[in-house]
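Below is one structure; the comments refer to it alone.
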Amino acid sequence: MIGPLDHVGIAVRDLDAAVARYSALGLRPEPPEDLPSAGARVVFLSSGGALLELVTPIAEDSALGRFLAKRGEGLHHVAFRVERIEAELERLERDGFELADRTPRPGARGHRVAFLHPRTAHGTLIELVQETP
Ligand code: CO
């Protein structure tokens, strides 16, 4: 089954400025991490419960860069924890979700992740996160 909310992803143009702004809000940032497979750099910030993930493109032609060009900064995705990501992908596809990733890929923090297309989730990109021990 789908687990608790893991994090909310926010697309930003200037990662340093965004980290400073969200730190001023009182959140504690972790060190930045590059995700070459997604063409993105991320910083997670903690408020004690679910995390915020600030995400900015580092590749010329990335889905995230196109997202920013089209929709601007703001909410990019919502991520839920799952125990068995392959089984969840199968179940969700059976239930009518369009999978953006047919198989899980390496995500931030060493976890395995997969995305569901916003088309079948009322306009919001959904990320599944399976923690790797
Ligand atoms: Co994420």
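The values are calculated or read from the model by the stated rules, or taken from the named source; none is laboratory data. Keep in mind that what you see is a predicted model, and the values were worked out from it rather than measured. Note that we place each Cβ from the backbone using ideal geometry, even for glycine, and neighbour counts take in every protein chain shown.
Screening Thr120 with (1) under 21 Å from Ala50 (Cβ atoms); (2) away from the ligand (no atom under 16 Å from the Cβ); (3) in contact with a Phe, Trp or Tyr (Cβ under 6 Å, 6 or more places away or on another chain) gives one miss only, at (1).
Residues checked against (1) modelled with pLDDT under 95; (2) surrounded by fewer than 15 Cβ atoms within 10 Å (Cβ to Cβ); (3) of a type outside the set (Val, Ile, Thr):
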residue	(1), (2), (3)
Val43	no, no, no
Ser46	no, yes, yes
Glu53	no, no, yes
Asp61	yes, yes, yes
Gly72	no, yes, yes
Leu75	no, yes, yes
Glu83	no, yes, yes
Leu99	no, no, yes
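Residue under question is Val129, and the condition is that it be free of Cβ contacts under 8 Å to residues at least 40 places away in the same chain and not aromatic (Phe, Trp, Tyr); does it hold? Considered against the rule, which asks whether it is free of Cβ contacts under 8 Å to residues at least 40 places away in the same chain and not aromatic (Phe, Trp, Tyr), Val129 comes out as no.
Could you please give the count of residues in the stretch 16-53 that are in contact with a Phe, Trp or Tyr (Cβ under 8 Å, 6 or more places away or on another chain), within 19 Å of Phe80 (Cβ to Cβ) and not acidic (Asp, Glu)? Selection size over the stretch 16-53: 3.
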